């Protein structure tokens, strides 16, 4: 699986899940204990998040990490 494609799919899935919950990037960042600029960079696929950051984002979106990654992988297929 192409790394860049998966990164873009992950970014898109984070944005979609955040918007589905009606959260702003700032609210998601607060829930995930991350900086709001970092969340924006994740959503624009400018940063490849660490595993810890991915887990925090998933939890803040009320998902497991495996659910969030599976959704991103499904976008790539």
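Values in this text are rule-based calculations from the coordinates and carry no lab data. The shown structure was predicted, so the numbers you read here are calculated from the model rather than taken from an experiment. No Cβ is skipped: glycine too gets one built from the backbone with ideal geometry, and neighbour counts run over all protein chains shown.
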(message) I'd like to check something: does the stretch 21-40 contain any residue that is within 23 Å of residue 77 (Cα to Cα) and free of Cβ contacts under 8 Å to residues at least 40 places away in the same chain?
(response) no
(request) Would you be able to say whether some residue in the stretch 56-63 is under 10 Å from the mean Cα position of the chain (by Cα) and within 23 Å of residue 2 (Cβ to Cβ)? (result) yes
